[in-house]
Amino acid sequence: MVVAVYPGTFDPLTCGHMDIVERAASLVDELTVGIYENSAKQPLFPLEQRVRLVQEAITGLPNVQAKAFKGLTVDFIRQIGGRLMIRGLRANSDFEREFEMALMNRKLAPDIELLCLMTSSQYQFLSSTLIKEVAKLGGCLEGMVPDHVALALKEKFSMPGELAIGKGKM
């Protein structure tokens, strides 16, 4: 049985994240989306809300669950009985950061493998940071975040007027 973890802060969850979740779920028996508690990043959404937003997005994926964690990702992976970490890559800058983290994780936990999935081309430009900026300025989020995340962003920033949202979960 292949048990994997896709870790991140998911602040907020994007369609790019969901692209990786859905593709990874088809490759493993069990996938846990690990929502990292990192107060140093000063997240827009509190941890509990980020977990709820991910849980709502994964309802149609029976082998996927969402769990909050803190501390080392490799410790969390071991804690749930996993041996595989999933990461998404968008661009060269992601590769450099992921490569550094992979080498550190290999030193800390040589028994845990890393699988990097390239983000689908339509999501390569997405980042949670850019999404927050667009939402803050009242921009259209259609096709960039799941509908329920767009609504949460609208509430967070008290956006006036109508907010264009995506279709379904993607």
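Derivation of every value follows stated rules applied to the coordinates shown; laboratory data play no part. Because the structure is predicted, anything quoted here is derived from the model rather than measured. Here Cβ is always computed from backbone atoms with ideal geometry, including for glycine, and neighbour counts include all displayed protein chains.
Odds and ends about this structure:
- Taking 0.36 nm per residue of sequence separation and removing the Cα-Cα distance, the S121/D75 pair yields an extension gain of 13.4 nm.
- Under Karplus coefficients 6.51, -1.76 and 1.60, residue-wise ³J(HN,Hα) of the stretch 120-127 in Hz, glycine/proline x: 4, 4, 5, 10, 4, 7, 6, 8
- Scanning residues 5 or more positions from E113 or on other chains, those with amide H under 5 Å from its amide H are L84, M85, with H placed 1.01 Å from N in the peptide plane.
- For the pair D111 and Q65, a Förster radius of 22 Å applied to the C-beta separation gives a FRET efficiency near 0.50, rounded to the nearest 0.05.
- Across the stretch 20-25, coupling constants 3J(HN,Hα) worked out from phi with the 6.51/-1.76/1.60 Karplus curve, θ = phi - 60°, read 5, 4, 5, 5, 5, 4 Hz, and Gly and Pro carry x.
- Couplings 3J(HN,Hα) for the stretch 141-154, derived from phi with the Karplus relation 6.51 cos²θ - 1.76 cosθ + 1.60 (θ = phi - 60°), are 9, 4, x, 10, 9, x, 3, 5, 6, 4, 5, 5, 5, 4 Hz, where x marks Gly and Pro.
- Within the stretch 1-73, the trypsin sites (Lys or Arg not before Pro) that combine a DSSP coil assignment with at most 15 other C-beta atoms in a 10 angstrom radius are K70.
- Spin-label pair E96/L137, simplified geometry with 7 Å Cα→Cβ offset, distance in nm: 2.5
- Contact order, relative form, for the chain: 26 percent (alpha carbon pairs under 8 Å, 6 or more residues apart, mean separation divided by residue count).
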